[in-house]
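To start, the structure under review is shown below, and the notes come after it.
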Amino acid sequence: MATRREVLKLGAVGTGITLLAPKLGMADLVFPDGFRQSILDNPSPPVTPFVVPLNVMPIAKTVRESFLTTPEGGGTPVDPHRHQRFNEFKPKKFYVNYIEEFLWQYHTDPPYNTGSWAWGFREPGMKTGITPGLSFHAKYGEPVFLRRINNLPPVGSANVGFALPSTTIHLHNGHTASESDGIPQDFFNPGEHWDHHYANFPAGFDEREIMTTLWYHDHRENFTAPNVYAGLNGFYLLFDEKDANDETKKGTFQLPSGKYDVPLVLHDVQFDQNGQPVWDFSDPSPTVDKNGDFIASEMYTTFGMLGDRFTVNRIIQPYFKVEARKYRFRILNGGPSRLYQLYLQKEGTPDKFDPLVVISTDGNLLPAPIVADHISLGVAQRHDIIIDFSKYQPGDFVYLVNRIEMRND
């Protein structure tokens, strides 16, 4: 049974928040008879927690529409006929992302310091990819066009051996036409690209359908879990006239914005002794069906996977320096299997938990904020919370603690 862990250490300029202090109460995964997870027999190499700063993903940058016709932009213009109601919701912004394999540093301690192979995203002008991917800032009433180009190695040649380089990217909870939704069957292979048209309007133009914190992730049929585990996910944040991404603007909710609005995605990862991610039930040579499509066994994708290294934005137990003011944290359980019950705990107060202000669940702003002592997150679930660090003293440390245990036997 895994033990208690801190996920994140928060410390404010003067204070800090520490991300994920774990306590690995009891939720179970059921594994095949006789199978022992790698977490039991081959624990990941140790690290010193809370010495590496939090990775804050950059905001995606736009390109000119004409860039799409260049070799770097995919080489083809926008095809309005591929997209429903394209002319009604003409894109006002254009983006290009490359899906690639690269070395990612989860921690500065060896063996992680030399880099772990990962999959993720890069945009024009970046030298290497990142995971999680770039954060998109979108607005209701401002449609966007996003082209994703698959630069992953062909099947069988990737350094990430447990995932499939045939991908489809889904905007989770987005109100999106099917051809842009990233459904499991709309995958594209290395050397190909897929165009997404995001109209950015609520379903039925109903204000109750306005979403805020969305995320995108691989959704490849039979391979969603390992492909996301490899690094293929990121945030897509939607704003409107109330949740306006400007805390100084009168007439809005004036929620923390800019550098005080921080997306956090939680993953637990298992590593081998060389610091490379491990996926149990891995099959480096996926089966091919009669149509030539890659398929995976049920065991490969449905039995779950637990890791013993807690990561926030793909850094193992980072720290984050904060100012004496309010912050908005958008917390996502990126999976693949672990459950979280997160508490805020000041260092030196083992029996006391500080309140959290919850403003959103699964992307929907609540009618009114709720003060709670913890939040619970299943896989793919999200909560937006507000933490006011002005109540702490300079030099205080605050931990985001996971207090739900999961049996790993």
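The values are calculated or read from the model by the stated rules, or taken from the named source; none is laboratory data. Treat the numbers as computed from the prediction; the structure is a model and nothing was measured. Counting neighbours? That spans all protein chains shown, and the Cβs are built from the backbone with ideal geometry, glycine included.
Given the condition on the phi > 0 side of the Ramachandran plot and within 21 Å of the chain's Cα centre (by Cα), answer yes or no: does some residue in the range 315-332 qualify? Explain how you work it out, then say what you get.
To start, the set of residues in the range 315-332 that are on the phi > 0 side of the Ramachandran plot comprises 317.
Adding the requirement that they be within 21 Å of the chain's Cα centre (by Cα) leaves 317.
For the range 315-332, residues on the phi > 0 side of the Ramachandran plot and within 21 Å of the chain's Cα centre (by Cα): present.
On the given criteria, is Gly133 more than 19 Å from His219 (Cβ to Cβ) and out of contact with any Lys or Arg (no Cβ under 8 Å at 6 or more places or on another chain)? It would help to see each step written out before you state the result.
Values: more than 19 Å from His219 (Cβ to Cβ): no; out of contact with any Lys or Arg (no Cβ under 8 Å at 6 or more places or on another chain): yes.
Criteria not met by Gly133.
Identify the residue in the range 125-173 that is aromatic (Phe, Trp, Tyr) and under 30 Å from Ser360 (Cα atoms) and, among all such residues, is surrounded by the fewest Cβ atoms within 10 Å (Cβ to Cβ). Talk me through it step by step, then tell me what you get.
Taking the range 125-173 and keeping what is aromatic (Phe, Trp, Tyr), we get 136, 140, 145, 162.
Next cut, under 30 Å from Ser360 (Cα atoms) only: 136, 140, 145.
Details: Phe136: 23, Tyr140: 18, Phe145: 23.
Among those that are aromatic (Phe, Trp, Tyr) and under 30 Å from Ser360 (Cα atoms), it is Tyr140.
Given the criterion outside any helix (DSSP H, G or I) and either under 22 Å from the mean Cα position of the chain (by Cα) or modelled with pLDDT of 95 or more (or both), identify the matching residue among Gly275, Gly292.
Working: Gly292 fails: either under 22 Å from the mean Cα position of the chain (by Cα) or modelled with pLDDT of 95 or more (or both).
Of the residues listed, the single one that is outside any helix (DSSP H, G or I) and either under 22 Å from the mean Cα position of the chain (by Cα) or modelled with pLDDT of 95 or more (or both) is Gly275.
Please state which one of Leu339, Leu332 is closer than 27 Å to Asp308 by Cα and out of contact with any Phe, Trp or Tyr (no Cβ under 9 Å at 6 or more places or on another chain).
Values: Leu332 fails: out of contact with any Phe, Trp or Tyr (no Cβ under 9 Å at 6 or more places or on another chain).
After applying the criteria, what remains is Leu339.
When you scan the range 22-63, how many residues do you find that are at positive phi and either under 22 Å from the mean Cα position of the chain (by Cα) or modelled with pLDDT of 95 or more (or both)?
Residues flagged as at positive phi and either under 22 Å from the mean Cα position of the chain (by Cα) or modelled with pLDDT of 95 or more (or both) within the range 22-63 amount to 1.
Hey, can you tell me all the residues within the range 359-409 that are of a type in the set (Ser, Thr, Tyr), surrounded by fewer than 19 Cβ atoms within 10 Å (Cβ to Cβ) and farther than 22 Å from Leu306 by Cα?
Filtering the range 359-409 down to residues of a type in the set (Ser, Thr, Tyr) leaves 360-361, 376, 390, 392, 399.
Then drop every residue that is not surrounded by fewer than 19 Cβ atoms within 10 Å (Cβ to Cβ), which leaves 361, 376, 390.
Listed by number, the residues that qualify are Thr361, Ser390.
Of all residues in the range 71-113 being of a type in the set (S, T, N, Q) and under 18 Å from His196 (Cα atoms), which is surrounded by the fewest Cβ atoms within 10 Å (Cβ to Cβ)? Before the answer, list the steps.
Our first condition is that a residue be of a type in the set (S, T, N, Q); within the range 71-113, this holds for 76, 84, 87, 97, 105, 108, 113.
Restricting the remaining residues to those that are under 18 Å from His196 (Cα atoms) gives 76, 84, 87, 97.
Numbers: Thr76: 11, Gln84: 13, Asn87: 7, Asn97: 25.
This residue is Asn87.
Of all residues in the range 365-380, count the ones that are under 13 Å from Leu266 (Cβ atoms) and touching a Phe, Trp or Tyr at 6+ places or on another chain (Cβ under 9 Å). First the steps, then the outcome.
Of the residues in the range 365-380, the ones under 13 Å from Leu266 (Cβ atoms) are 375-380.
So of that shortlist, the ones also touching a Phe, Trp or Tyr at 6+ places or on another chain (Cβ under 9 Å) come out as 375-378, 380.
Residues flagged as under 13 Å from Leu266 (Cβ atoms) and touching a Phe, Trp or Tyr at 6+ places or on another chain (Cβ under 9 Å) within the range 365-380 amount to 5.
Please give the number of the condition Ser116 fails out of (1) surrounded by 13 or more Cβ atoms within 10 Å (Cβ to Cβ); (2) among the small types (Gly, Ala, Ser); (3) more than 18 Å from the chain's Cα centre (by Cα).
Failing condition for Ser116: (3).
Do you know which residues across the range 145-169 are under 21 Å from Gly74 (Cβ atoms), assigned to a loop (DSSP other than H, G, I, E, B) and of a type in the set (A, V, I, L, M)? Spell out how you get there, then give the answer.
Restricting attention to the range 145-169, the residues satisfying the condition of being under 21 Å from Gly74 (Cβ atoms) are 145-154, 165-169.
Filter again for assigned to a loop (DSSP other than H, G, I, E, B), leaving 151-154, 165-166, 168.
Passing the criteria: only Leu152.
Take the residues of the range 278-289 that are charged (D, E, K, R) and within 27 Å of the chain's Cα centre (by Cα): which is modelled with the lowest pLDDT?
First, pick out the residues of the range 278-289 that are charged (D, E, K, R): 280, 283, 289.
Now drop any that are not within 27 Å of the chain's Cα centre (by Cα), which leaves 280, 283.
Details: Asp280: 83, Asp283: 57.
Once the filter is applied, the top-ranked residue is Asp283.
Of all residues in the range 322-364, which are farther than 27 Å from Asp218 by Cβ and either part of a loop (DSSP other than H, G, I, E, B) or touching a Ser or Thr at 6+ places or on another chain (Cβ under 6 Å) (or both)? Full working, then the answer.
Of the range 322-364, the ones farther than 27 Å from Asp218 by Cβ are 322-327, 343-359.
Answer for the range 322-364, where residues must be farther than 27 Å from Asp218 by Cβ and either part of a loop (DSSP other than H, G, I, E, B) or touching a Ser or Thr at 6+ places or on another chain (Cβ under 6 Å) (or both): Val322, Glu323, Ala324, Arg325, Glu347, Gly348, Thr349, Pro350, Asp351, Lys352, Phe353, Pro355.
Scanning the range 334-355 for residues that are of a type outside the set (Ser, Thr, Tyr), closer than 30 Å to Ala244 by Cβ and surrounded by 23 or more Cβ atoms within 10 Å (Cβ to Cβ), which turns out farthest from the chain's Cα centre (by Cα)? Walk me through how you get there before you give the answer.
As a first pass, look at the range 334-355 and keep what is of a type outside the set (Ser, Thr, Tyr): 334-336, 338-339, 341-342, 344-348, 350-355.
Among the residues that remain, those that are also closer than 30 Å to Ala244 by Cβ are: 334, 342, 344, 354-355.
Now restrict to residues that are surrounded by 23 or more Cβ atoms within 10 Å (Cβ to Cβ): 334, 342.
Working: Gly334: 5, Leu342: 17 Å.
Among them, the one singled out is Leu342.
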